[in-house]
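What follows is a set of notes on a single structure, which appears directly below.
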Amino acid sequence: MEEQNLPETDVAELKLEAVIGFNGHVPNGLKCHPDQEHLIYPLGCTVLIQSINTNEQKFLHGHGNNVSCLSISKNGDYIASGQVTFMGFKADIILWDYKKKELIARLSLHKGKIEALNFSPNDLYLVSLGGPDDGSVVVWSIAKRDAICGSPAAGLNVGNATSVLFSRCRDEMFVTAGNGTIRVWELDLPNRKIWPTECQTGQKKRIVLSTGMAGDDSFFYLGTTTGDILKMNPRTKLLTDAGPVKDKFSLGVTAVRCLKMGGLLIGSGAGLLVFCKSPSYKPIKKIQLQGAITSITLRGEGHQFFVGTEESHIYRVNFTDFKETLIGTCHFEAVQDIVFPFGTAELFATCAKKDIRVWHTTSNRELLRITTGRLIYTINSAHRIGVTAVATTNDCKRIISGGGEGEVRVWQIGCQTQKLEEALKEHKSSVSCIRVKKNSEECVTASTDGTCIIWDLVRLRRNQMILANTLFQCIAYWEVFDGSVIRELEGSLSGSINGMDITQEGAHFVTGKSQSLV
């Protein structure tokens with residue numbers, strides 16, 4: 001029977017059910033919606049809207065690359081998100097309708113990266129800041145979905161501006177800050193211009209990491225890499241005070257949030273969350289969290305708030321008792337592997353560079369985290385050029401390992417002993433994948449030398465070899481008669497297929513490609 005390759009447009013969409021993850025590296029990426037019932041945050045190319053009470057998730061798809069910043073309009077009708085792109089290309093800002101969860105407009109002017117976004121207090125304008133390759137600030141009309149005017153964000157003899165902050169009362173005033181630059185801008189709508197005024201900080205030269213505006217616009221606060229806070233007056237453009245003078249915040253002030261009742265919530269690069277007041281900025285309340293704090297977002301007036309950290313943790317904190325509850329977590333580095341236990345879909349385990357985690361499938365909750373774990377045994381120098389693949393038999397009595405030199409080794413595992421049973425030398429290049437048959441009597445190994453070998457684990461000999469002009473990355477076990485090709489499918493028009501698996505009953509299989517496509 002002839003294979004029919006369907007055109008891409010006819011392929012049905014897989015429905016995304018849930019996502020476990022949070023990108024804590026996006027500054028101010030975690031937002032609580034004004035309805036006080038949803039958290040909004042970026043994850044890869046997607047913007048996630050998650051119900052605080054039920055954990056139900058909605059997804060906004062539209063960006064072609066990682067989301068780099070996020071802002072929500074004051075009345076909650078709009079979400080704006082910016083992305084990174086390749087150098088020299090235009091980076092999109094997308095304006096979303098929150099209620100309909102739909103894309104309203106793409107705003108494209110900046111090159112390379114959108115550094116920061118902010119809505120004006122009455123949702124008339126959106127201000128955007130370009131990344132280091134762009135360096136411009138642009139004011140957009142929300143009603144017309146078009147740029148009003150733009151300007152270079154910082155002067156010639158200073159560094160880049162990295163954060164932007166709108167006034168809380170006036171639609172015509174905003175602030176930009178960054179490396180050695182603090183500017184207050186006035187929008188001149190009739191002439192379609194923005195006019196900057198440099199703020200004077202005297203002897204203090206600072207790199208600004210975070211910004212916060214008082215509710216009545218009387219002052220704005222800047223968190224610095226030095227670990228202190230600058231309090232500026234937007235009318236006089238002068239420094240009012242700065243602190244703490246002595247015990248500065250370790251690894252910089254990475255998040256600042258002004259509270260309506262007075263005082264500030266401060267997050268540090270060392271994971272310290274502090275409530276303090278001007279002019280001393282000494283901690284009145286404090287808690288230690290895991291990972292540099294990159295977001296503090298208030299629920300309502302701030303009786304409760306949420307904190308996001310670089311180590312992909314989301315915490316809920318009640319202001320009165322100032323105690324944290326971990327409500328979301330994931331790996332904060334690349335997930336290298338994922339596996340389900342034999343015969344059940346209720347749990348699965350994942351591993352990243354620093355930890356192994358076990359998850360509950362239906363609730364997406366983390367059940368167990370192993371960062372160091374209790375070491376039972378180690379097999380030293382198992383292969384000459386590193387271990388590149390590993391699998392176990394279903395009775396857990398043997399481990400089959402593959403090495404960078406192409407050897408396949410079978411190990412007998414006891415309570416106290418680990419014995420090399422056989423070294424099988426057939427592959428000429430590194431072993432990329434090993435799969436063991438259900439009855440543990442055979443296994444198949446794939447190699448980057450273009451061969452797949454089926455081994456007899458009873459006689460410890462080769463049964464069959466499958467040759468192809470390709471680099472094998474992954475295999476799945478199937479009943480084999482003579483190892484000849486039954487049928488070939490074009491799995492990817494460009495880029496490699498990096499992962500594959502087959503359902504238990506064998507009716508479907510799934511592949512993962514280099515173009516982020518499943």
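The values are calculated or read from the model by the stated rules, or taken from the named source; none is laboratory data. Computed from a prediction, not measured in an experiment: that's the story for all the values here. Every residue, glycine among them, receives a Cβ derived from its backbone with ideal geometry; neighbour counts consider all protein chains shown. Ligands, DNA and RNA are excluded from the accessible area calculation, which covers all protein heavy atoms including side chains. Shrake-Rupley method; radii C 1.70, N 1.55, O 1.52, S 1.80 Å.
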For residue 257, which of the numbered conditions (1) open to solvent by 30 Å² or more (accessible area, probe 1.4 Å); (2) more than 27 Å from the chain's Cα centre (by Cα) fails to hold?
(2)
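Among the residues of segment 181-201, which ones are in a loop (DSSP other than H, G, I, E, B) and either surrounded by 14 or more Cβ atoms within 10 Å (Cβ to Cβ) or under 34 Å from the mean Cα position of the chain (by Cα) (or both)?
Within segment 181-201, the first condition is being in a loop (DSSP other than H, G, I, E, B), and the residues that meet it are 181, 189-192, 199, 201.
The answer is 181, 189, 199, 201.
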Which condition breaks for residue 55 when tested against (1) under 19 Å from residue 163 (Cβ atoms); (2) in contact (Cβ under 8 Å) with a residue 60 or more places away in the chain; (3) in a loop (DSSP other than H, G, I, E, B)?
(1)
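Of all the strands (runs of 3 or more DSSP E) wholly in segment 275-357, which have at least 2 residues that are open to solvent by less than 60 Å² (accessible area, probe 1.4 Å)? Working first, answer last.
On the way: elements: 285-288, 293-299, 304-309, 313-318, 323-329, 337-339, 347-351.
Qualifying strands (runs of 3 or more DSSP E): 285-288, 293-299, 304-309, 313-318, 323-329, 347-351.
Does residue 86 qualify as being surrounded by fewer than 17 Cβ atoms within 10 Å (Cβ to Cβ) and either of a type in the set (Gly, Ala, Ser) or part of a strand (DSSP E or B) (or both)? Walk me through it before giving the result.
Details: surrounded by fewer than 17 Cβ atoms within 10 Å (Cβ to Cβ): yes; either of a type in the set (Gly, Ala, Ser) or part of a strand (DSSP E or B) (or both): no.
In short, no.
Mind counting the residues in segment 358-391 that are assigned to a loop (DSSP other than H, G, I, E, B) and of a type in the set (A, V, I, L, M)? Reasoning before the result, please.
So in segment 358-391, the residues assigned to a loop (DSSP other than H, G, I, E, B) come out as 361-364, 371-386.
Subset that is of a type in the set (A, V, I, L, M): 375-376, 379, 382, 385.
The number of residues fulfilling the criteria is 5.
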Counted residues in segment 260-274 being crowded, with 16+ Cβ neighbours inside 10 Å, in a loop (DSSP other than H, G, I, E, B) and touching a residue at least 24 places away in the same chain (Cβ under 8 Å) come to 2
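Can you go through 108, 73, 81 and tell me which one is within 15 Å of the chain's Cα centre (by Cα), among the hydroxyl-bearing types (Ser, Thr, Tyr) and either under 22 Å from residue 143 (Cβ atoms) or modelled with pLDDT of 95 or more (or both)? Spell out how you get there, then give the answer.
Values: 108 fails: within 15 Å of the chain's Cα centre (by Cα); 73 fails: within 15 Å of the chain's Cα centre (by Cα).
It is 81.
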Here is a check on your reading of the model: is residue 164 under 19 Å from residue 27 (Cα atoms) and in a strand (DSSP E or B)?
yes
Hits in segment 218-233 (condition: open to solvent by 10 Å² or more (accessible area, probe 1.4 Å) and either of a type outside the set (A, V, I, L, M, F, W, C) or in a strand (DSSP E or B) (or both)):
218, 221, 225, 226, 231, 233
Go through segment 112-154 and give me each residue that's open to solvent by 20 Å² or more (accessible area, probe 1.4 Å), within 22 Å of the chain's Cα centre (by Cα) and more than 25 Å from residue 168 (Cβ to Cβ).
113, 132
Considering only segment 10-28, how many residues are open to solvent by less than 50 Å² (accessible area, probe 1.4 Å) and without any contact (Cβ under 8 Å) to a residue 24 or more places away in the chain?
0
Can you tell me which residue is most open to solvent (accessible area, probe 1.4 Å) among those in segment 414-462 that are within 25 Å of residue 506 (Cα to Cα) and of a type in the set (S, T, N, Q)?
439
Filter result (without any contact (Cβ under 8 Å) to a residue 60 or more places away in the chain and among the basic types (Lys, Arg)) within segment 275-304:
277, 282, 285, 286
Would you point out the residue of segment 34-55, among those that are surrounded by 21 or more Cβ atoms within 10 Å (Cβ to Cβ) and under 15 Å from residue 82 (Cβ atoms), that is farthest from the chain's Cα centre (by Cα)?
40
Of the residues that make up segment 6-29, is at least one touching a Lys or Arg at 6+ places or on another chain (Cβ under 9 Å) and either over 30 Å from residue 348 (Cα atoms) or not β-branched (Val, Ile, Thr) (or both)?
no
Give segment 58-81 a look and list any residue that's touching a residue at least 60 places away in the same chain (Cβ under 8 Å) and either over 22 Å from residue 145 (Cβ atoms) or part of a loop (DSSP other than H, G, I, E, B) (or both), or say none.
73
Do you know which residues across segment 17-47 are within 18 Å of residue 116 (Cα to Cα) and in a strand (DSSP E or B)?
31, 32, 40, 41, 42, 43, 46, 47
